[in-house]
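Undergrad: Got a structure for you, written out below as structure tokens; questions coming shortly.
The values are calculated or read from the model by the stated rules, or taken from the named source; none is laboratory data. Computed from a prediction, not measured in an experiment: that's the story for all the values here. So basically every Cβ, Gly included, is an ideal-geometry build from the backbone, and we count neighbours across all protein chains shown.
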Amino acid sequence: MKWYNICNKISLLLQAIWCAVLYFIIEAICRHSVSAAWVYMTQKPLVFAYNAGLIFVSMLIVYLFHKRIFWRILISIFWLLLGLINGILLLYRVTPFTGPDVKLLGDGLAIARKYLPPYGVYICYVVLGIIGILMIILLIVSPRYKEKIRYRYVVPFVIVSIAAFFGITQLALEKRVLSNYFGNIAFAYEDYGYPYCLTTTLFNTGISMPRDYSENEIRRIADSEKNLPETAEGEYPNIIFLQLESFFDPTLVNYLKISEDPIPNFRRLMKDYSSGYFKVPSVGAGTANTEFETITGMSLHYFGPGEYPYKSILLEKTCESAPYVLKTLGYTCHAIHNNEANFYGRKNVFPNLGFDTFVSEEYMEEEDQKNPLGWVKDKILTKEILKCLNYSEGPDYIYTISVQGHGDYPTEPILEDPVISVTGSPTEEMNCKWEYYVNQVYEMDLFVQELVEALSDYPEKVVLVMYGDHLPTMDLTVEDLKNKYLFQTEYVVWDNFGLEPKKDNIASYQMAAEIMDRTGIHEGTIFRYHQARRSTKNYQVDLETLQYDMLYGKAYCYGGTSPYLKSAMRLGLYDVTLDGLELGRKWDYSYYVRGTNFTPSSQVKLNGEWYDTVYVNPTTLIISGTELSDFDRLSVVQRSNSSTRRALSKSYDRAVYAILDESQWKIAVQEEG
């Protein structure tokens, strides 16, 4: 056929056009808007062309096969599915679909199960099944390229095209059309395109081996720490880190007009105690990365663009951290977070950072303590911190992660009677966002004062480090800020035993070493490095080499083998126990479940199935609607509070099974409790 022959002759041109159209569709899905995709295409034509070119190069493999139409459709569906996955994820979270998420695709639609309701998962299975069947049919009936494939020309052409595209990528990076550093991964996806960012986060991860990496080089770096004194003997203070979600001083925004100071307590503490600007690795998002830097002393600058070590290397190996180091001095190490334990995968990561306990929202009595967006208010953390301080006899290290200031902030008024009014934003929608945010910061500041007052009366030495993890997601620019820098918040170091106040700007990966230094602790490879080498020549170069050796290299700094073993971390400080069962009302079969340490997240399982549960108080739950019989099996499990209602890992369940035969009840509790 004449048209068929013409299409074959101009197939490269037609493929290029189709890739551009396909990429436009993908961006429209990811941005949830055709008009937004059009603005992106017209305002950033070079970035658009690069990403369309990336899809085009991936489709060049069709020239290695006779069934070209089949392979073009298959590759198009592959890219389209990736776009759909990202579009769906962005309906439920701020972070787009990244390289680490790709690795979950092989786990039986784990992404779908995590973010979709049950019927949505079934729909995914059905759709994928239909696509699979249609592709098999297409493979059978699709036309074949009738000419002989000249592999001696086609294979070099494909290889040269891929190599040339790598060269174009380097040129685009040099000309700053693209970037390989993502301060905010969500913004990076919007600025540099979904295919490029996904590919980069998939393949460009970890820390590249430095050119001068060797055992002698690591020994040289270690030798530079010899001027440090030995760790002081005696009583060590409790060390508390308080990471405040999206907390910073709103008065630093040039255009805002705020009716009163939203952070008077934090500002007073900054004046009276050690304080300064706090350099963080991200802006607008990336809580886990500020957290990673502060706990481990490692800089994210040397990792892949947009990488979250919590989703990559820390899922498979341990890492030197403040908990591991301080435990050698007798510390008990706790993590506290007033959100679910699954958030950022913390319940799986914290054992690889050496924590002994993790108190998440599921183990807190937080009923009726949520802000209008459903985030648990920070004021409940005071009680949880004090519980951890009283948990053991020796000193405690407590890393507390707040959540109240979390976005996405509302564009319409939802506060009934805001304490602080905000104006001055370019639009009324932004005024609403800022007013909501500022009032959350105001409440967080009240929590800071309450916590300081509680700790002031504590009979042991305490150091409290407080800081914001990043700026809020408000589309801020450098020109909007009085301090002219997006990657910093502010910190204050409060104590109750008279540390000399010190005004200094510091990076998040330097803070733990600074606190240890000021309290006479000189332990840990990377923390000693910061104490000895900060502000010296080649500080950053040697830091990169040291980080590579510790996480990806041959562990020369540890003599060839890391000394840090995964900790047997427990969720919650105390066991949830199941002690008894009482029949309440017979007409609706209401039962009182008696036990200890129940929370609003405690839920009954009956014969292996989740059962509607009413939380009454820490010792009582109520179930109703089904008459229980002898030998029914009942348990109480702490369950995630997210919309997906995930149970915590079985290895941390505080479940006690009981046979409802009265003569065997106590025996069952003793055996399985």
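Undergrad: If you scan segment 173-189, which residues turn out to be within 15 Å of THR199 (Cβ to Cβ) and part of a helix (DSSP H, G or I)?
TA: First, the residues of segment 173-189 that are within 15 Å of THR199 (Cβ to Cβ): 173, 178-180, 182, 185, 188-189.
If the condition is that a residue be within 15 Å of THR199 (Cβ to Cβ) and part of a helix (DSSP H, G or I), then LEU173, ILE185, ALA188, TYR189 are the ones that fit.
Undergrad: Collect the residues in segment 363-377 that are more than 24 Å from GLU412 (Cβ to Cβ) and buried (at least 18 other Cβ atoms within 10 Å of the Cβ), keeping them in residue-number order. Give the derivation first.
TA: Looking only at segment 363-377, we keep the residues that are more than 24 Å from GLU412 (Cβ to Cβ), and these are 363-367.
Residues satisfying the conditions are TYR363, MET364, GLU366.
Undergrad: List the strands (runs of 3 or more DSSP E) that sit entirely inside segment 546-638 and contain at least 3 residues that are over 33 Å from the mean Cα position of the chain (by Cα) and touching a residue at least 24 places away in the same chain (Cβ under 8 Å).
TA: Values: elements: 577-583, 591-596, 602-606, 609-611, 614-617, 620-623, 633-638.
So the answer is 577-583, 591-596, 620-623.
Undergrad: Within segment 239-253, does at least one residue satisfy the condition of being within 32 Å of the chain's Cα centre (by Cα), surrounded by fewer than 21 Cβ atoms within 10 Å (Cβ to Cβ) and of a type in the set (A, V, I, L, M)?
TA: yes
Undergrad: Something else about it: From (1) part of a helix (DSSP H, G or I); (2) surrounded by 16 or more Cβ atoms within 10 Å (Cβ to Cβ), pick out the condition that doesn't hold for THR205.
TA: The single condition THR205 does not satisfy is (1).
Yes/no matrix, rows are residues, columns are (1) among the basic types (Lys, Arg); (2) buried (at least 21 other Cβ atoms within 10 Å of the Cβ); (3) at pLDDT 95 or above:
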{"residue": "SER535", "(1), (2), (3)": "no, no, no"}
{"residue": "ASP549", "(1), (2), (3)": "no, yes, yes"}
{"residue": "LEU565", "(1), (2), (3)": "no, no, yes"}
{"residue": "TYR592", "(1), (2), (3)": "no, no, no"}
{"residue": "GLY595", "(1), (2), (3)": "no, yes, no"}
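Undergrad: Here's a follow-up. Hey, among the residues in segment 410-457 that are in contact (Cβ under 8 Å) with a residue 60 or more places away in the chain, polar (S, T, N, Q) and under 29 Å from LYS387 (Cα atoms), which one's surrounded by the most Cβ atoms within 10 Å (Cβ to Cβ)?
TA: So the residue we want is GLN440.
Undergrad: Tally time: how many residues in segment 94-129 are under 26 Å from ALA288 (Cβ atoms) and modelled with pLDDT of 70 or more?
TA: 9
Undergrad: So which pairs qualify, if the first residue must be in segment 304-333 and within 23 Å of VAL463 (Cβ to Cβ) and surrounded by fewer than 24 Cβ atoms within 10 Å (Cβ to Cβ), the second must be among the acidic types (Asp, Glu) and modelled with pLDDT of 90 or more, the Cβ gap must be under 6 Å, and the two must be at least 6 apart or on different chains?
TA: What qualifies is THR332/ASP356; THR332/ASP396.
Undergrad: Are any of the residues in segment 278-297 assigned to a strand (DSSP E or B), in the same structural domain as PHE487 (by TED's automatic domain parsing) and under 27 Å from ASN180 (Cα atoms)? Lay out the reasoning, then the answer.
TA: So the first thing to find is which residues in segment 278-297 are assigned to a strand (DSSP E or B), and the list is 278-279.
Then keep just the ones that are in the same structural domain as PHE487 (by TED's automatic domain parsing); that gives 278-279.
Next cut, under 27 Å from ASN180 (Cα atoms) only: 278-279.
Scanning segment 278-297 turns up at least one residue that is assigned to a strand (DSSP E or B), in the same structural domain as PHE487 (by TED's automatic domain parsing) and under 27 Å from ASN180 (Cα atoms).
Undergrad: A follow-up question, please. If you go through segment 261-272 one residue at a time, do you hit one that is touching a Lys or Arg at 6+ places or on another chain (Cβ under 9 Å) and crowded, with 22+ Cβ neighbours inside 10 Å?
TA: No, every residue in segment 261-272 fails to be touching a Lys or Arg at 6+ places or on another chain (Cβ under 9 Å) and crowded, with 22+ Cβ neighbours inside 10 Å.
Undergrad: Show the residue pairs that are 6+ apart or on different chains and have beta-carbon atoms under 7 Å apart, the first residue being within segment 87-99 and in the same structural domain as CYS30 (by TED's automatic domain parsing) and under 17 Å from LEU373 (Cβ atoms), the second being assigned to a helix (DSSP H, G or I) and at pLDDT below 80.
TA: TYR92/TYR115
Undergrad: A further question on this structure: Would segment 190-202 turn up any residue that is over 22 Å from VAL62 (Cα atoms), in contact (Cβ under 8 Å) with a residue 60 or more places away in the chain and surrounded by fewer than 17 Cβ atoms within 10 Å (Cβ to Cβ)?
TA: Yes, that holds for at least one residue.
Undergrad: Then there is this: Mind counting the residues in segment 42-94 that are in contact with a helix residue (DSSP H, G or I) (Cβ under 6 Å, 6 or more places away or on another chain), in a loop (DSSP other than H, G, I, E, B) and buried (at least 16 other Cβ atoms within 10 Å of the Cβ)?
TA: 1
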